[in-house]
1. Rounded to the nearest Å, what's the spacing between the alpha carbon centres of the stretch A:17-38 and the stretch A:674-750? Just the number, please.
2. Past 28 Å, Cα to Cα: identify those pairs from A:LYS163/A:LYS339; A:LYS156/A:LYS704; A:LYS339/A:LYS697; A:LYS313/A:LYS702, in the order given.
3. Which far-off residues, 5 or more places away or on another chain, put their amide H under 5 Å from the one on A:THR300, with H placed in the peptide plane?
4. Estimate the FRET efficiency between A:GLN558 and A:ALA65 by the formula 1/(1 + (r/R0)^6), using the beta-carbon distance for r and 60 Å for R0, to the nearest 0.05.
5. If you count, for every residue in B:63-75, the Cβ atoms of partner chains within 10 Å of its Cβ, what is the mean?
6. Shielding by partners for A:201-208, please: the mean number of other protein chain Cβ atoms within 10 Å of each residue's Cβ.
7. If each of A:GLU170 and A:ALA462 carries a label point 7 Å out from its Cα toward its Cβ, how far apart are those two points in nm?
8. If eta is 1.306 mPa s and T is 10 °C, what Stokes-Einstein diffusion coefficient results for the stretch A:467-595, Kirkwood Rh from Cα pairs, in µm²/s?
Amino acid sequence: MKFESPAGRNPIDQGRVVGVAQPRIDGPLKVSGLAPYSHEYHAEAPGVAYGVMLGAGIGKGRITAIDTSAAEAAPGVLLVLTYKNAPRQFDIGHAPPGSPAPKKGEKPGRHNAPQLQGPAIKHFDQSVALVVAESFEQARAAAQLVHVSYAAAPGKFDLAAEKQHGTVPEDAPDSVVGDFDAAFAAAPTTVDVTYTTPDQAHSMMEPQASMARWDGDTLTLWTSHQIVHWAVDGVAGTLGIPTDKVRVISAYVGGGFGSKLMIYGDPILAALAARQLGRPVKVALTRPQIYNHTSHRPATIQRLRLGADSNGKLLAIGHDVWCGNQPGGEPEKAADQTKLLYAGANRLLRTRQTLLDLPLGASMRAPGEAVGLLALECAMDELAEKLGIDPIELRIRNDTRYDPEKGPERPFSTRQLVECLRTGAERFGWSRRDPVPGKVRDGRWLIGYGVAAAIRNNLTVASGARVRLGGDGVLTIQTQMTDIGTGSYTILAQIGAEMLGLPIDKVRVELGDSSFPQAAGSGGSWGANSSGAGLFYACRNLRDAIAAKAGYNSTDVQFADGRISANGHSRSLAEIAGHDGIAAEGKVEFGDLTKQYAQAAFGAHFAEVAVDSITCEVRVRRMLSVCAAGRIINPQTARSQCLGGMAMGIGAALMEDQIVDTRFGYFVNHDLAEYHVPVHADIPDMEVIFLDELDDKSSPIKAKGVGELGICGVGAAVANAVHNATGARIRDYPLTLDRIMAKITVPAVA
Amino acid sequence: MPVTRRDAMMIGGAAVAAAATGGNAAVPHQPPAPVAITLRVNGKARRLSIDPRVTLLDALREHLHLTGTKKGCDHGQCGACTVTVEGRRINSCLSLAVMHHGDAIGTIEGLGRPGALHPMQAAFVAHDGFQCGYCTPGQICSAVAMLAEIRAGIPSHVTDDLMQVAFSDAEVRERMSGNICRCAAYPNIVAAIRDVQEAGA
Ligand code: FES
Ligand code: FES
């Protein structure tokens, strides 16, 4: 079904199961350790061999010699692959044979990830060898015996030094409205500030891992991926085989945050080795390899220029972004949210991307907005301070009902930013904030409050599902959709239950298998809304099939309590399904409502921090997020999504920083002891409020996404709170103790 | 009394002498001979003939096919591999299986199963104390053992009075900080643990 006009009333609006807090249906399996992740399918792969990948020890250059003889002679070793003996593979640009032409603007074979194809080294920990042995310990020991010599070449590893060479990325053209220069020059109050955000690592808890098994010419791959058909395309394209010869299973994914939107060495190397050895092979990346072998959120340098009149109305908004990446890598579109967040007649947004030889930069939770808001929302705080206007009031004065670049002909489908700010201010006790830094103390601790607005663009993606009602009255849902912790299993069960009038325990959900109908997958916060909409149509088709089989042709058919009824008659669904059951499929495709309407989820984040006046240690004492994100299908799992985003936002503000060694071109702190992510002790109790909202332009289920909204702006709220506590305005993330200490304006108290 | 930051830091500062670490030992070219051991896993004796390089974690996951215990980092930085040995929680990736001959090992599979969950497992489900679920078995094993540590009067870094060790949210957050959850279900995990503590108190 094409969704191209606003949704009317439909069974989802009953709110019997949808919209009600529901514990995860996959919970009991997960808490008892029985949910299988990709490295854990023992029964499916008897005689599995273990592969250990070896990564390059230089950032750029070439392999001059590679000696595998000692490794090959080591006990238990079955195979050593290097560029000298690895089968030829296909790079980006080569689609899997027989696949349809790519969509406009999409590169063929864009998910390909060939391994061991030559001596050239493009980044640190690029795969240079795979050692396969009977046991993991044998493979790991033998991998140490592979001797690789390199000739290192000079590389470009320093964004600040390279930014002058940046060019306009194809998919981030300049956005010019009005006359920014003149308006900024004439504005009575201005800020002109430059913020930097560092490279960041997804650091999901399950490392990338894959197990490959060939049955004839067909590959089954258990791998940890967010979008199953992308994994199929990438593996088939790389190996040069048709997509119907690759089955991918990602039933449980131990976190992704964007990292698992791509394939890396593990699935390709496992597949190559398994084919050569004629037995299953599994390959897991080690934790330290993840940081330099896979992808990361790229660093940015951002210059914000805001000009306002004396009432705080924005006259000029300028946002310049510099970022870098490998050739072919995407830009970090940190100016994107600035297109939509505030009104203002004169606007200039520019992105410049330069070549860097660091590992590939790619999507991490809310690519673009997450770092863009770190800069924009602090610059707004700086402007508020200069104007002497409350930061919440300043944001409210610059609210807009339509896309400020396009004008009133493109209104927002929904936009409750002001309501989020006002509700939050009241619930958080914003009136207790003293705008003068350093005024509120608790012993030696300085207390500060900070706020930031949040916006995350609403993306929608085609998605399908298959449903079957059995003679036992159980509805089974099958779709390629994945659950990476987002709650997909549960929300799809809720939608199925709502549509068919069943209790949730009569719904079974099977996900993450490429033999099921293609689905949106988990990325860009489109998963719940898009896969839910696909399931909605599948269920609607099933309702029609059930009604037809029952002989009810009335349009006024009710599904409730496991029964179908019409015109005073009623029959049990189980009985109608009978021995053979009834099945249906459905799929959503999206028309141009996202063009006609600006669609986004909005929020406001509030943070209270305590900063030690002596050591400048920052403790977040409490946080509140108020979100308006369309229908909230499951308030419990949605809240958890937001909590996770808030914690990651605290990490971005205070600790997360992949430090580049610009001499050798790699991330130095490549493990969980050195790349700091928030732990229990860093995260207080936090509160989330969802405002009532239905977005009928977004999909038939009227939902949007929250997984990324949760992080957008959080770091800025924390940074603004640190400023309020200490007077220190830190423009380089993260706000570590040394940076605060260098700028604190408030005396220490013992 | 105002003090300078430097003063305050000097008072608390202490020089730490770093021990020199040796170079890599030569990699043995002869395979180590397998060792026969018995692990008492969740109350059952499990006999293994095992490469002495196998960690307790990999013995569980790859040899006994008890994959509930997770590998997040394989070197003691994340807590996903937390199990109990003789009732005390440890990172099973930092311990070799051969060191545990005869030991009682407790894993997530031994705590409870769907339909018969341990109270801590049930509380995690009720409070949504996880998302992707990968850190979860480690969190749960850690939480159960952590409550026992508090009951046993073992103090932590945030304990004010070493003679009065008592349950508090701050104690939980401190003692659970070795179990990283990147999905950051932290507030919900603390709520789940609080529930179990209150029900058992
Ligand atoms: S796997 Fe043992 S601590 Fe991470
Ligand atoms: S639930 Fe995903 S890491 Fe904790």
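The values are calculated or read from the model by the stated rules, or taken from the named source; none is laboratory data. Note that this is a predicted model, so its numbers are computed, not measured. Every residue, glycine as well, gets a Cβ built from its backbone with ideal geometry; the counts of neighbours run over all protein chains shown. Protein only, heavy atoms only, side chains kept; ligands, DNA and RNA dropped before computing areas. Shrake-Rupley method; radii C 1.70, N 1.55, O 1.52, S 1.80 Å.
1. Distance between centres, Cα-based: 28 Å.
2. Table pairs above 28 Å Cα-Cα are A:LYS156/A:LYS704; A:LYS313/A:LYS702.
3. A:THR197
4. The pair A:GLN558/A:ALA65 has a calculated efficiency of 0.20.
5. Neighbouring Cβ atoms belonging to other protein chains average 6 per residue here.
6. Taking the mean over all residues of the peptide, I get 6.
7. Spacing of the two 7 Å Cα→Cβ label points: 2.1 nm.
8. Translational diffusion coefficient: 106 µm²/s.
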